[in-house]
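Here the structure comes first, spelled out in structure tokens, and everything after it is commentary.
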Amino acid sequence: MLSDRQAPIAAVATASGKGAIGVVRASGSGLLPLAKALLNPVGTPHAPREPQPRQATLVQLHDEQHQPIDQVLLLWFPAPHSYTGEDVIELQGHGGPWVLQRLLHALMVRAQALGLPMRLARPGEFTERAYLNHKLDLTQAEAIADLIDASTEQAARSAARALTSGLGHAVHGLRDALIHLRMWVEASLDFPEEEIDFLAQSQAQAKQHDLHEQLVALLRQARQGLLLREGLRLVILGQPNAGKSSLLNALSGHERAIVTDVPGTTRDVLQESLSFKGVPVHLIDTAGLRQHAGDVVEQIGMDRTWAQVDQADAIVWLRDASRAKDPESQREDQRIAQQLQQRLTHNIPLLEVWNKVDAAPGFQAPQGLCISAKTALGLEALIDAVLQTVGWEAALQEGVFMARERHVQALTAVQQHVGQAGDQLKSTPLMLELVAEELRQAQQALDGITGEFTADDLLGEIFSGFCIGK
Ligand SMILES: Nc1nc2c(ncn2[C@@H]2O[C@H](COP(=O)(O)OP(=O)(O)OP(=O)(O)O)[C@@H](O)[C@H]2O)c(=O)[nH]1
Ligand SMILES: [Mg+2]
């Protein structure tokens, strides 16, 4: 009896909808009889054909009632030289949804007739098998999903980089260096402290230092990659009428939000996705904040504004320069400042931005940036400031690979353990057991990135994010 993970699987691999060509594929072990059966339908006049590895053969496929379904190209990839590392059959037919479903059905019926317990593939299961058969490491599998999902050139390029020379590549290099250091520590553990020669100890410290430096650089790149993948949630808040919706419109280049001179125009959260110099940004316009809401709807809107603050990656606090001297406006801004201070418990970058400088001649900002949503003055500088405050480094851009939150977390853990190992290496008396333990934990975290050591539930989570047929 085959386990669920070993059973042959099949799926339509191309996107649903119409296309010139559509692909149905199957993967599993022992698929040769199925390939032969597909190539040699019962009653065909020609001599039996043998599947040729990686060659396309034209086949006419019929359903159980001998009705023609489609003329397809059959490709045969015997294990281990296939995407999944198992036997793979690909049928390239005409790309209509009905045709492809019929082809899939015919394929499964034939498999079952041959005693192959073929079932439909779950999302990402082909790639999961590629990973389990060591065709890909986990970062490459993730990069494939990111490449499929990429919607901008920038994102696609960094996903492609992650696939070929990205994180997995860098992690392997780090792993070698870490193992080297561990070998020294483990070997020295058997000697009493006075016998560990001073030179060897300083060499170990130098190795640890190098490793730490490499980790710092890699983590910096991974953080950039994470920003590219996830985008950045930028929340605009401020008093009613400060020009928040006008700013959203000016940055997105169209009239997304309603703008009027009535305070309290925006009552709900509005979101617009755009890009700042290739970095995806989710720009969020909110209901204006003031002490006394006009009605219950406005109050709910304000509560929602604060809820957005809790999820923000960065905040633009928009202030009205044309009312900078108005005592009422000053009081309200003071209240917002106090509330921000209470709410921003973790380190969310906050940019103070004065709007409407076109209507405030001679205005001097006490701090922060000056803009005009109306004339677009200062918007470029605002974009640069936002990118800078979230740590986007344009200079690193060419080398940036797509990264995920779990990569950044794992690298942070590795960096901490290697850092602690470094502290231990310098301490007297030298406690090599503690150094060894820190390095062991560092390697465990590092191996988790490429999947050498990864919990099953994490694998399930990663692969379920794929589309079916990949
Ligand atoms: N002169 C000038 N007027 C502006 C500027 N930005 C916005 N306004 C005007 O200010 C008024 C309020 O603009 P909105 O964008 O609706 O302000 P808001 O902050 O979204 O207001 P609420 O939705 O009520 O919280 C409108 O009449 C805008 O035309 C600016 O840069 N200069
Ligand atoms: Mg508004």
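The values are calculated or read from the model by the stated rules, or taken from the named source; none is laboratory data. Quick caveat: nothing in here was measured; it's all calculated off a predicted structure. Every residue, glycine among them, receives a Cβ derived from its backbone with ideal geometry; neighbour counts consider all protein chains shown.
Residues in the stretch 355-369 that are within 23 Å of ALA312 (Cα to Cα) and more than 10 Å from ligand 1 (Cβ to nearest atom): GLN367, GLY368, LEU369.
Across the stretch 248-270, the qualifying residues are those that are within 28 Å of the chain's Cα centre (by Cα) and within 13 Å of ligand 2 (Cβ to nearest atom), and the one among them that is surrounded by the most Cβ atoms within 10 Å (Cβ to Cβ) is LEU248. In this structure, ALA113 does satisfy being over 30 Å from GLN208 (Cβ atoms), loosely packed, with under 15 Cβ neighbours inside 10 Å and out of contact with any Gly (no Cβ under 6 Å at 6 or more places or on another chain). For the stretch 67-81, taking the residues that are in a strand (DSSP E or B) and of a type in the set (A, V, I, L, M), the one that is nearest to TRP98 (Cα to Cα) is identified as ILE69.
Beta carbons closer than 7 Å, at least 6 apart along the sequence or on distinct chains, never pair a first residue in the stretch 42-68 that is loosely packed, with under 13 Cβ neighbours inside 10 Å with a second that is assigned to a loop (DSSP other than H, G, I, E, B) and among the hydroxyl-bearing types (Ser, Thr, Tyr). Screening the stretch 284-298 for residues that are surrounded by 14 or more Cβ atoms within 10 Å (Cβ to Cβ) and hydrophobic (A, V, I, L, M, F, W, C) and picking the one that is farthest from ligand 2 (Cβ to nearest atom) gives ALA293. Considering every residue within the stretch 309-331, establish whether at least one is within 16 Å of ligand 2 (Cβ to nearest atom) and over 27 Å from GLN367 (Cα atoms). For the stretch 309-331, residues within 16 Å of ligand 2 (Cβ to nearest atom) and over 27 Å from GLN367 (Cα atoms): absent. Residues in the stretch 271-283 that are within 16 Å of ligand 2 (Cβ to nearest atom) and buried (at least 16 other Cβ atoms within 10 Å of the Cβ): GLU272, LEU283. Among the criteria (1) touching a strand residue (DSSP E or B) at 6+ places or on another chain (Cβ under 9 Å); (2) at pLDDT below 95; (3) surrounded by 13 or more Cβ atoms within 10 Å (Cβ to Cβ), the one GLY301 does not fulfil is (1).
Residues in the stretch 33-61 that are under 25 Å from GLY96 (Cβ atoms) and at pLDDT 90 or above: LEU34, ALA35, ALA37, LEU38, LEU39, ALA56, THR57, LEU58, VAL59, GLN60, LEU61. With the structure loaded, tell me whether GLN339 is touching a residue at least 12 places away in the same chain (Cβ under 8 Å), farther than 16 Å from LEU232 by Cα, out of contact with any strand residue (DSSP E or B) (no Cβ under 9 Å at 6 or more places or on another chain) and away from ligand 2 (no atom under 16 Å from the Cβ) or whether it fails that test. The answer is yes for GLN339.
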